[in-house]
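Visitor: Sharing a structure with you now.
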Ligand SMILES: Nc1ncnc2c1ncn2[C@@H]1O[C@H](COP(=O)(O)OP(=O)(O)OP(=O)(O)O)[C@@H](O)[C@H]1O
């Protein structure tokens with residue numbers, strides 16, 4: 001099993017007369033790589049990830065596995081706001097997703113227990129999903145992505161609601177996942193490109209990639225910028241990092 005997940009010539013718009021959100025994108029996600037997909041808000045990250053995960057279809061172009069087969073069976077997908085089924089426990093929710101992905105009931109239940117252990121949520125297995133904290137929800141989403149043995153895990157802004165310490169812990173969990181798994185994470189926080197263990201970075205803006213390549217090459221062009229702090233002027237290093245990032249996006253420094 002060594003094929004890539006490939007996007008070829010992807011065009012997308014939400015309505016016939018609407019603006020192009022993606023303008024002919026080509027991309028390949030290699031197996032067993034960790035990729036951060038960066039881009040400003042509304043740049044089309046979620047749209048691209050939905051197409052990669054086969055939950056939506058491009059207007060033109062295609063998404064396929066180089067080794068052939070049904071991508072839906074080996075791609076795990078976590079939307080930014082996963083739907084929660086009320087009244088289910090954490091374990092039942094993960095098992096339900098496994099069953100939807102084609103596992104038998106008993107396999108889904110066993111896998112659910114394993115996956116909750118992998119993501120550090122074993123203690124919450126019997127809790128109802130409604131009462132979970134943001135960090136627990138992000139782990140539950142990970143477990144749902146893993147329950148059917150995905151080889152590509154596509155996560156849409158899983159860290160957006162997390163405080164910095166919980167973000168760091170989330171990334172620790174991702175780093176500990178099987179090295180055979182390819183993980184793609186979207187975020188608008190450029191600092192996440194600098195997280196240890198990331199191999200690749202892609203920067204999406206205006207419906208096209210402004211950069212797609214090795215993380216080290218990205219960090220040379222735009223050293224991961226700090227967030228723009230409120231009530232404080234940027235220091236010279238932060239200003240330079242942001243200027244480099246905006247220039248990658250093809251925009252003037254703000
Ligand atoms: N269901 C929809 N109907 C119409 N337009 C949409 C829909 N979803 C997204 N869009 C538009 O498509 C563009 C890209 O949105 P998308 O959510 O893919 O970007 P994003 O980079 O993921 O944004 P964010 O960082 O804010 O989540 C935006 O202009 C958005 O308004």
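Visitor: Could you grab me the full set of residues in region 171-209 that are crowded, with 22+ Cβ neighbours inside 10 Å and farther than 18 Å from residue 33 by Cβ?
Guide: Passing the criteria: only 190.
Visitor: Being surrounded by fewer than 18 Cβ atoms within 10 Å (Cβ to Cβ) and at pLDDT 95 or above is the requirement here; does residue 86 meet it?
Guide: no
Visitor: Here are some conditions: (1) surrounded by 15 or more Cβ atoms within 10 Å (Cβ to Cβ); (2) within 13 Å of the ligand (Cβ to nearest atom); (3) part of a loop (DSSP other than H, G, I, E, B). Residue 81 meets all but one. Which one does it not meet?
Guide: Result: residue 81 passes all but (1).
Visitor: Let me ask another. Being buried (at least 22 other Cβ atoms within 10 Å of the Cβ), under 22 Å from residue 38 (Cβ atoms) and more than 16 Å from the ligand (Cβ to nearest atom) is the filter here; which residues of region 136-169 pass it?
Guide: Passing the criteria: 142, 145, 152, 153.
Visitor: Would you please name the residue that is farthest from the chain's Cα centre (by Cα), looking only at residues in region 12-35 that are within 13 Å of the ligand (Cβ to nearest atom) and crowded, with 16+ Cβ neighbours inside 10 Å?
Guide: 13
Visitor: Test residue 212 against the stated conditions and say whether it is over 15 Å from the mean Cα position of the chain (by Cα) and surrounded by fewer than 15 Cβ atoms within 10 Å (Cβ to Cβ).
Guide: Against the criterion (over 15 Å from the mean Cα position of the chain (by Cα) and surrounded by fewer than 15 Cβ atoms within 10 Å (Cβ to Cβ)), residue 212 does not qualify.
Visitor: Pull up region 1-11, narrow it to residues that are in contact with a helix residue (DSSP H, G or I) (Cβ under 8 Å, 6 or more places away or on another chain) and closer than 14 Å to residue 56 by Cβ, then point me to the one that is surrounded by the fewest Cβ atoms within 10 Å (Cβ to Cβ).
Guide: Top of the filtered list is 7.
Visitor: Among residues belonging to region 55-76 that are outside any strand (DSSP E or B) and within 16 Å of the ligand (Cβ to nearest atom), point out the one that is surrounded by the most Cβ atoms within 10 Å (Cβ to Cβ).
Guide: This residue is 58.
Visitor: Further question on the same structure: Could you go through region 104-120 and let me know if any residue there is more than 22 Å from residue 177 (Cα to Cα), part of a helix (DSSP H, G or I) and either without any contact (Cβ under 8 Å) to a residue 40 or more places away in the chain or in contact with a strand residue (DSSP E or B) (Cβ under 9 Å, 6 or more places away or on another chain) (or both).
Guide: Within region 104-120, one or more residues are more than 22 Å from residue 177 (Cα to Cα), part of a helix (DSSP H, G or I) and either without any contact (Cβ under 8 Å) to a residue 40 or more places away in the chain or in contact with a strand residue (DSSP E or B) (Cβ under 9 Å, 6 or more places away or on another chain) (or both).
The values are calculated or read from the model by the stated rules, or taken from the named source; none is laboratory data. Treat the numbers as computed from the prediction; the structure is a model and nothing was measured. Here the Cβ is made from the backbone with ideal geometry for all residues, glycine too, and neighbour counts use every protein chain on show.
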